[in-house]
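Encoded as structure tokens, the structure appears first; notes follow it.
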Amino acid sequence: MLIDGKLVAERVKGELGARLVALREAHPAVVPGLAIVLVGHHPPSEIYVKKKLDACRKVGIRATLHRFPSDVDQPTLHGQVAMLNADPAVHAILVQLPLPLHLDTKATIDRVDPDKDVDGLHPLNIGRLHSGRAGFIPCTPLGVMRLLAEHSVELKGRHAVVLGRSAIVGRPMSWLLLRAHATVTTCHRHTADTASFARTADVLVTAVGKPGLVTRDWVKPGAVVVDVGINRLPDGRVVGDCDPEVREVARLVTPVPGGVGPMTVAMMLSNVVTAAERFARRAIAG
Ligand code: NAD
């Protein structure tokens, strides 16, 4: 069976509507504000940023785009982040990655106020995730957890295998599954015989970016397969990391497109609203 990410994403957006109404009633002056920092012209980033801006506008989040040429220097970028950190109308900041190679990504992320870091990439938020404290969790793995919960996928005591270990998807994904009491194996480009690990997975999450990597013989019959990969083929089609035949052996599979992608956007919106809610609570407490 296919997991309908669009349907679950709409459900999340419905919940957001109710949260936005409650926020407006309790704190009329707080309109959730997201600032996106975009450097250079990276076509996929342009598409992702447009999607994020459109999604924000649809639900009533005030989103602003701060564009810089690809040769912007580090101090200028730091200056922009500092300005956004200090702006009380901005509750959430996203620095669109990748940054051009001459810029220091970690140094830039480190400058973002952790309470506005809705990508969950600041070291403080990574520490919060790892120590079970409330912070921000990267949107894609958060969306995967919601999809699994919506389909009552049992994780406790099950073997979850994650292919990929990036800071934005693979690592937080493994950690969230571990937090849900799964036994977790993380595979990466240096793993010898990834297929042998994949075959033992009750839940297989693939976040690699290689079309056709996961074939049906990599999947245990009855497993749940979450395909995070987004790959554009030369003929223009967008596919995940899984071969279509995986659907014949898995119990549940996320399609690409229409699986994890819509959830990433929905969870980004949710994180922005959370940031605004926390800001409003702090304003009262302070
Ligand atoms: P990345 O390039 O940073 O990471 C890829 C990871 O795959 C690395 O950790 C690498 O070690 C690992 N890897 C490479 N070959 C492997 C193999 N044979 N077996 C196991 N692991 C292997 O990419 P990323 O940012 O984590 O994104 C991964 C994919 O997910 C991309 O296709 C990206 O477009 C997609 N993505 C989708 C969403 C979404 O909303 N659906 C969000 C973010 C990323």
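Contact order for the stretch 161-286, expressed relative to its length and based on alpha carbon pairs under 8 Å spaced 6+ residues apart, stands at 19 percent.
Among the listed pairs Lys52/Lys106; Lys50/Lys106; Lys51/Lys116; Lys50/Lys156; Lys6/Lys156, those whose Cα-Cα separation exceeds 31 Å are Lys50/Lys156. Note: relative contact order over the stretch 180-240, using C-alpha pairs below 8 Å and six or more positions apart, is 30 percent.
Just so you know, the Rg over Rh for the stretch 163-241 is 0.97, from Cα atoms, with Rh as the Kirkwood radius.
Translational diffusion of the stretch 203-276 was estimated from the Stokes-Einstein equation, with Rh taken as the Kirkwood radius over Cα pairs; at 20 °C and 1.002 mPa s the coefficient is 165 µm²/s. The residues packed around Glu15, meaning those with a beta-carbon under 13 Å from its beta-carbon, carry a net charge of +1 if Lys and Arg are +1 and Asp and Glu are -1. Share of carbon and sulfur in the accessible area of the chain stands at 58%, probe radius 1.4 Å. Calculated from the alpha-carbon coordinates, the stretch 72-210 shows an Rg and a Dmax of 17.0, 51 Å respectively.
Extension gain for Ser131-Ala167 works out to 11.3 nm (0.36 nm per residue, less the C-alpha to C-alpha distance). Expressed as a fraction of 2.2 N^0.38 Å, the C-alpha radius of gyration for the stretch 122-200 is 1.10. Computed extension length for Glu25-Asp235: 70.7 nm, one decimal, from 0.36 nm per residue of separation with the Cα-Cα distance subtracted.
Entry note: the stretch 65-139 has Rg to Rh equal to 0.97, where both radii use alpha-carbon atoms and Rh is the Kirkwood radius. Here the simple spin-label model places points 7 Å from the Cα toward Cβ, and for Met83 and Glu46 these points are separated by 2.3 nm.
Over the stretch 146-286, the Kirkwood radius and the radius of gyration, each from Cα atoms, give a ratio Rg/Rh of 1.04. Of the residues Phe136, Phe197, Phe68, ranked by 1.4 Å probe accessible area with the largest first, the sequence reads Phe197, Phe68, Phe136. Within the shell of other residues whose beta carbon sits under 9 angstrom from the beta carbon of Phe279, the net charge comes to +2, with Lys and Arg scored +1 and Asp and Glu -1. Size check on the chain: the Cα extents along the three principal axes, sorted descending, read 54, 43, 36 Å. Mean sequence separation of contacting Cα pairs (under 8 Å, at least six apart), scaled by the length of the stretch 89-174, corresponds to a relative contact order of 21 percent. Entry comment: accessible area of the chain is 47 Å² per residue, from protein heavy atoms only and a probe of 1.4 Å. Between the amide H of His159 and those of Thr183, Asp202, Val203, distances stay under 5 Å, these residues lying 5 or more places away or on another chain, with hydrogens modeled in the peptide plane.
Approximating the spin labels as points 7 Å out from Cα along Cα→Cβ, the Ala283-to-Lys106 distance works out to 3.6 nm.
Label sites at His181 and Ser196, each approximated as a point 7 angstrom past Cα along Cα to Cβ, lie 3.1 nm apart.
The values are calculated or read from the model by the stated rules, or taken from the named source; none is laboratory data. Just so it is clear, the model here is predicted, and its values are computed rather than measured. As a convention, Cβ positions derive from the backbone with ideal geometry for all residues, glycine included, and neighbour counts pool all protein chains shown. SASA here: full protein model, heavy atoms, side chains in, ligands and nucleic acids out. Shrake-Rupley method; radii C 1.70, N 1.55, O 1.52, S 1.80 Å.
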